[in-house]
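See below for the structure under consideration.
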Amino acid sequence: IDPKTSEKLASYVAKLCELRAKKGMTPEEAEKVLTSDVNFFGAMMVKMGDVAGMVSGSDSPTANVLRAGLQVVGTKPGLKTVSSVFLMELKHNVETYGEILVFGDCAVIPEPTSEQLADIASEAAVTAATVAGLEPKVALMSFSTKGSAKHESVDVVKRAGEILRERNAQFAFEEELQADAALVASVGAKKAPNSTVAGKANVLIFPNLAAGNIGYKLVQRLADAEAYGPLIQGLAAPINDLSRGCSVKDIIDLTAITSAQAGK
């Protein structure tokens, strides 16, 4: 589809002017944006229901993909947070940790607030269920397990758990777990004996972007795991971002994942 000659262009221009009216968007500006940036044209195809989802990023920065998604599709009702997860497909110790783990946020929010961590956890649970077919057991991780250390960053994670309880979250979760307490049954039983998630977690929510990004890359490289993503969460429709160094296989894999998201 060539945006410049598309029969849908006029209706897309009108819709973008409507969406960006408060910013003073003119028809001329809207047409320029839609014909010069494939991310905006693709996001408008999603918005108008002409396609079910979008995969982009092979030739544009993540920021451009997210900007188009936010300005055109917007966030899910009741959510303010756009974040990401990686699906980590393990090749070793599968009998202990399972075949798939979900890691978030590893690509978008540098220092999430407690509310944002709660949003990330909620969306990651949805992704785990709809894309990976998991029954989500969500660990909000820290360097402390149930009071073993005191720090303001630990308090942020603890508050995220309180927010999820206030929201009556409909998935299993536990806040303030170290990685070993989240993943290893014997450690979880010792450090958090009353938890239904400790030692059994399959969705790992990191306290900040540094931990998440470093964590997924360590598992990818040292454990030879496949890392699928980042999958963008929180938008009102599935829009996902590729690395500019992606392979054909990466594009195919992310397209399949996006299709699975769109079908739910």
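If eta is 1.567 mPa s and T is 4 °C, what Stokes-Einstein diffusion coefficient results for the chain, Kirkwood Rh from Cα pairs, in µm²/s?
On the way: Rh = 19.3 Å.
Reported coefficient: 67 µm²/s.
Which of rounded, prolate or oblate describes the stretch 60-179 when judged by the alpha-carbon gyration tensor and an a/c cut-off of 1.5?
Numbers: a/c = 1.61, a/b = 1.17, b/c = 1.38.
Oblate, because a/c is 1.5 or more while a/b does not exceed b/c.
If one computes the Cα centroid of the stretch 36-95 and of the stretch 108-133, what distance in Å separates the two points?
The distance from the Cα centre of the stretch 36-95 to that of the stretch 108-133 comes to 14 Å.
Along the positive direction of the dipole of the chain (beta-carbon charges: Lys, Arg +1; Asp, Glu -1; about the Cα centre), which of Thr145, Asn213, Leu9 reaches farthest?
Going by the Cα projections, it comes out as Thr145.
So what are the three principal axis dimensions of the stretch 116-231 from its Cα atoms, in whole Å, longest to shortest?
33, 29, 26
At 7 Å along the Cα-to-beta-carbon direction for both Asn208 and Thr196, put a label point, then send me their distance in nm to one decimal.
3.3
Once phi is turned into θ = phi - 60°, what whole-Hz ³J(HN,Hα) does the Karplus curve with 6.51, -1.76 and 1.60 give for every residue of the stretch 128-138, x standing for Gly and Pro?
Coupling constants for the stretch 128-138: 4, 6, 7, 9, 9, x, 8, 8, x, 10, 9 Hz.
Provide Rg and Dmax in Å for the stretch 3-74, with only Cα atoms included in the calculation.
11.2, 31
What pairs from Lys32/Lys76; Lys47/Lys80; Lys150/Lys191 go past 22 Å between their alpha carbons?
Working: Lys32/Lys76 27 Å; Lys47/Lys80 18 Å; Lys150/Lys191 16 Å.
Too far apart for the 22 Å limit: Lys32/Lys76.
Based solely on its DSSP helices, what 222 nm [θ] is calculated for the chain when runs of n ≥ 4 H residues each add -39,500 (n - 2.57) and the sum is averaged over all residues, nearest 500 deg cm²/dmol? Let's see the in-between values first.
On the way: 11 runs with 115 residues, N = 264.
-13000 deg cm²/dmol, from helical runs alone.
If amide H atoms are built 1.01 Å from N in the plane of the peptide, which residues on other chains or at least 5 residues away come under 5 Å of the amide H of Lys137?
Hits under the 5 Å cutoff: Asn202, Val203.
Can you compute the modelled spin-label distance between Ser153 and Ser11, with each label point 7 Å from Cα toward Cβ, in nm?
5.0
Can you list the HN-Hα couplings for the stretch 75-82, worked out from phi with the Karplus curve (6.51, -1.76, 1.60; θ = phi - 60°), rounded to whole Hz and with x for Gly and Pro?
8, 4, x, x, 10, 10, 9, 9
Near Lys249, which aspartates and glutamates are there with a Cα under 18 Å away, not counting those fewer than 8 places off in the same chain?
Cα-Cα hits under 18 Å: Asp59, Glu89, Asp224, Glu226, Asp241.
Using R₀ = 30 Å, calculate the FRET efficiency as 1/(1 + (r/R₀)^6) where r is the Cβ-Cβ separation of Arg244 and Lys80; round to 0.05. Write down the numbers at each step before the final one.
Values: r = 28 Å, r/R0 = 0.93.
Between Arg244 and Lys80 the formula returns 0.60.
How big is the charge dipole of the chain about its Cα centre, in debye rounded to the nearest 20, if each Lys and Arg gets +1 on its Cβ and each Asp and Glu gets -1 on its Cβ?
Numbers: 27 positive and 31 negative charges, 76 e Å.
Here the chain has a charge dipole of around 360 debye.
What is the angle, in °, between the Cα long axis of helix 209-222 and the longest principal axis of the Cα atoms in the chain? Nearest 10 is fine, range 0 to 90.
In the chain, helix 209-222 runs at an angle near 80 degrees to the longest axis.
For the pair Ile252 and Gln170, what calculated FRET efficiency results from E = 1/(1 + (r/R0)^6), where r is the Cβ-Cβ distance and R0 = 22 Å, to the nearest 0.05? Can you show the working numbers first?
On the way: r = 33 Å, r/R0 = 1.48.
My answer for the efficiency is 0.10.
Using a Cα-Cα cut-off of under 17 Å, which aspartates and glutamates could be cross-linked to Lys146, ignoring same-chain neighbours fewer than 8 residues away?
Asp155, Glu162, Glu174, Glu175, Glu176, Asp180
In whole Hz and in residue order, list the ³J(HN,Hα) couplings for the stretch 164-176 that follow from phi through the Karplus curve 6.51 cos²θ - 1.76 cosθ + 1.60, θ = phi - 60°; x for Gly and Pro.
Each residue of the stretch 164-176 in turn: 4, 5, 4, 7, 6, 4, 9, 8, 6, 8, 8, 9, 6 Hz.
Each value in this text was obtained by applying a stated rule to the coordinates, not by laboratory testing. In this text, all values refer to a predicted model and were calculated from it rather than measured experimentally. Cβ coordinates were reconstructed from backbone atoms using ideal geometry, including for glycine residues, and neighbour counts include every protein chain displayed.
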